[in-house]
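Working notes, beginning with the structure itself.
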Amino acid sequence: MKAGNPPAPMLHACANCPVHLVCCSVSSKGGIVESPYLLPTDIKAISELKALEPEEFVEYRINEITGNTVSFVKTPKGVGCRFHDSLSGKCSIYHARPLDCRLYPLDVMLIQGGYYWILWEHCSITQDDIQALLAYGESILPLIREHLHDYATVPMEMMDKSPFQIIAPIQFPENYAEKAKI
């Protein structure tokens, strides 16, 4: 793969998952996989892997919080992800999956003016997994810097109703806010 994101860590919870890597784990509990947020690097990687033009799989939406245009995987029937097979639970773009998917079940949320790492409570995750995810999250912050505010605030109908726990405040490198314009 020429474009894309750094590989996500293999989690103990995933290796020992009773649905055996049938991700997203939301689907293993009868839920629908949300359409993932796409960064420009994600769009390029998916385009290269699937030989698709962005207009074939990218849906542009307005973030109601920021007023900015954000990108998501275009949904096949208004819900879900077009690259997720709900029967097998497999992802057809797994090796080029968006950063949003690579981070899962870790996420970023703006809470009372601060950015926090949160953990969606859809799977049984270990403390070692949390540490691995946090280290991965910190390593990819530069990749999402200019999109962080949109990423952390874009409303997601189904995820907004899902339980999560706050893991840690995001520790920004010095001068991060000025570079990111957050």
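The values are calculated or read from the model by the stated rules, or taken from the named source; none is laboratory data. A quick note: this is a predicted structure, and the numbers were derived from the prediction, not measured. For neighbour counting, all protein chains shown are included, and Cβ atoms are generated from backbone atoms with ideal geometry for every residue, glycine included.
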### Summary
Matching residues in segment 53-65 (surrounded by 14 or more Cβ atoms within 10 Å (Cβ to Cβ) and in a loop (DSSP other than H, G, I, E, B)) number 1
### Query
Exactly one of (1) of a type in the set (A, V, I, L, M, F, W, C); (2) modelled with pLDDT of 75 or more; (3) surrounded by 15 or more Cβ atoms within 10 Å (Cβ to Cβ) is unmet by L87. Its number?
(3)
### Query
Any idea which residue in segment 121-170 is surrounded by the fewest Cβ atoms within 10 Å (Cβ to Cβ), counting only those that are more than 15 Å from the chain's Cα centre (by Cα) and under 16 Å from I111 (Cβ atoms)?
P163
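Among S47, S71, which is the only one that is at pLDDT 90 or above, surrounded by 12 or more Cβ atoms within 10 Å (Cβ to Cβ), in a helix (DSSP H, G or I) and not aliphatic (A, V, I, L, M)?
S47
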### Message
What's the total number of residues in segment 59-86 that are within 15 Å of H147 (Cβ to Cβ) and without any contact (Cβ under 8 Å) to a residue 40 or more places away in the chain?
### Response
6
### Message
It is to be established whether one or more residues within segment 100-118 are among the aliphatic types (A, V, I, L, M), assigned to a loop (DSSP other than H, G, I, E, B) and either free of Cβ contacts under 8 Å to residues at least 12 places away in the same chain or crowded, with 17+ Cβ neighbours inside 10 Å (or both).
### Response
no
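Can you name every one of the helices (runs of 4 or more DSSP H) wholly within segment 120-182 that holds 3 or more residues which are modelled with pLDDT of 90 or more?
Once the helices (runs of 4 or more DSSP H) in segment 120-182 are filtered for at least 3 residues that are modelled with pLDDT of 90 or more, what remains is 127-144, 148-153.
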### Task
Determine whether segment 13-32 contains at least one residue that is touching a helix residue (DSSP H, G or I) at 6+ places or on another chain (Cβ under 6 Å) and at pLDDT 75 or above.
no
